[in-house]
Amino acid sequence: MSEADHRAGPATGHAITRAARQARIAELVSSMGIRSQSELARMLVAEGIEVTQATLSRDLDELGAVKLRGADGGAPVYVIPEDGSPVKGVQGGTTRLSRLLSELLVSAEGSANLVVLRTPPGAAQFLASAIDRAALYEVVGTIAGDDTVMVIAREPLRGADLAERFRALARTATGSDDADAGSGQDTNDADAESAKRA
């Protein structure tokens, strides 16, 4: 094991393994909205974990980290896709799904027992994985492309009802009851509608 793979941990003075370092990187990326490797390196150093840029780059690559832009068009952030097959009943799955929906859901439309979720380019498979891992009873399964996720609703639930559930989950994460994320309305249309009411 190289010196880069064994660095002192926070206050223990013990060496941290590559696996432990990568686990901490995954935790930070999942919870912090990290925009750059230098930002991530600073967070690790603050915890007593020093890594070189090359090691950090290799860790992110091994974790499958990619940068995605959210539905709000903000700066891209690192995300780490879930590995392996869907795991049922992951603790915190709905909380994580709510956060991802608030960041990635562009629109949600239902038809029959199907829901079509639109995301920014490249984000559909990541969102589909989060839906699968949340183990929602109402969801039979998902199929993802580049920017579209098809969700199959469990009968007798209708697609329109499940689409509304996804929109509600997105609003829950943002703390806004009138958020238009995933409403199917373009922001300009929503602004025009607000102006008419005023």
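Laboratory data are not the source of any read-out in this text; all were calculated from the coordinates shown. Everything numeric in this text was worked out from a predicted model, so none of it was measured.
At 0.36 nm per residue, and after removing the present C-alpha to C-alpha distance, how many nm does the segment from residue 158 to residue 36 gain when stretched out fully?
Fully extending the segment from residue 158 to residue 36 adds 39.8 nm.
Could you calculate the contour length gain from residue 75 to residue 95, that is, 0.36 nm times the residue separation minus the distance between their Cα atoms, to one decimal place in nm?
This chain segment gains 5.0 nm when fully extended.
Please work out how much length the chain gains when fully extended from residue 19 to residue 143, using 0.36 nm per residue of separation minus the C-alpha to C-alpha distance, in nm with one decimal.
My answer for the length gained is 41.5 nm.
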